[in-house]
Each structure stands twice: as C-alpha cells, then as structure tokens.
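Here's the structure we're looking at; comments come further down.
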Amino acid sequence: MSNCADLPVLECEVPKEGLKLDLVLRPREQKDGEPQYWPLFNADNPEEHFGNMRFNIRKGGVVTLKITLDLSEVPGRELEFVRYKQSQKLDGIIALSPDFRHQFRARAKEEDGDYTKLIIRVKDKEQIPDRFNFLWMCVDPETGMHFVSGDPYAAINPIP
C-alpha cells in the first residue's frame, strides 16, 4: 500500500490536560517510481497503524507525539530526521499549509548519535479548525540524500 489515504486515520480527543502518544514512523523504499507514504504505528500495539492524523483539541489542550524512526524496512540505510539549524520549530517535516507554525512544533532529538526521535507538539491557539498538510523529511547523513513522505490530510479541530 503506497498511499497513506488508504490507511486508517489516527483520530484523538485531546483533553484540556493534554495527551501524549508514542508512535513509530517506518520509512519504506520507493517502488516503481511511485511515491511511498510511510505509515505511523502505535508503539504499544505495532499491529495498529495510521496514514493520517486528526486531533480534536479542547481549549488549552496540547497533544505531544513522540515519534521514533524505525529503519527495519529500509535495510542498509542510515536515516535520521532532518534538523533545521535556523529554526528548531519544524525539524523532520516540511509544512505545506499556511499558518502551520503557530500551532505546531517539531524538534529532532539525538539518540545514540543519530536524530531518530522527533517530538511534535500540537496546540490550538486560535480555536479554529486547521489542516496540517506536511511531508515527513529524513536525510542520509553520509550522502546528504533526502527521503520524503507525506501526511496530506492531517488536521486538528477545536472542541468548545
């Protein structure tokens, strides 16, 4: 399956107290020149996987995603999340929708010398529905080659 729109949606109600989720991003090799979307897996239940995210956020609530890069399906590749030295607010992703930064922050964290952890915090500052279209972005540190995958339908919805 190459399109994340074909996979289940990770949909969560985020309480005022916040919500923390541990997820695994599993890159895949491109096949036949087709874009290859990378699914997210529930770290506690690897059978549960998602193509997109949708968060229903109560006022003041923040969802924190701890994402671990799993390279088991790309043997021989040494990938890590891209880090942006000028702005450490959007590591590991490329924002595709407007007003993305005011509610979304992603920071790569080092583990065993590689940036294979990504901490994402999403909050709803303005109490308006938002689409968070973005691409996952990893890099091979030795060659500088970039690897990209999408999450075209990610969204948040405020809950009154």
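A few remarks follow.
- Comparing mean-square fluctuations of ASP91, ASP124, ASP114 from a GNM of the chain with C-alpha springs under 10 Å, the top value falls on ASP114.
- Dipole-positive endmost among GLY61, PHE134, HIS146 within the chain (Cβ charges, Cα centre): GLY61
- Computed about the Cα centre, the dipole magnitude for the chain is approximately 940 debye when only Lys and Arg (+1) and Asp and Glu (-1) carry charge, each at its Cβ.
- Take every DSSP beta bridge whose two residues both sit in the chain; close to 65 percent of them are antiparallel.
- Entries in LYS16/LYS117; LYS66/LYS89; LYS59/LYS89; LYS16/LYS125; LYS16/LYS123 that, when Cα-Cα distance is taken, lie over 19 Å: LYS16/LYS117; LYS59/LYS89
- Of all accessible heavy-atom area on the chain, the percent that carbon and sulfur account for (1.4 Å): 47
- Per residue, in Å², the accessible surface of region 14-71 once ligands and nucleic acids are set aside, probe 1.4 Å: 52
- One equal scatterer on each Cα of the chain, no solvent, Debye formula: the resulting log10 I(q)/I(0) at q = 0.09, 0.16 Å⁻¹ is -0.27, -0.89.
The values are calculated or read from the model by the stated rules, or taken from the named source; none is laboratory data. None of these values were measured; they are calculated from a predicted model. Virtual Cβ from ideal backbone geometry, glycine too; neighbours counted across all protein chains shown. Heavy atoms of the whole protein, side chains included, go into the accessibility calculation; ligands, DNA and RNA do not. Shrake-Rupley method; radii C 1.70, N 1.55, O 1.52, S 1.80 Å.
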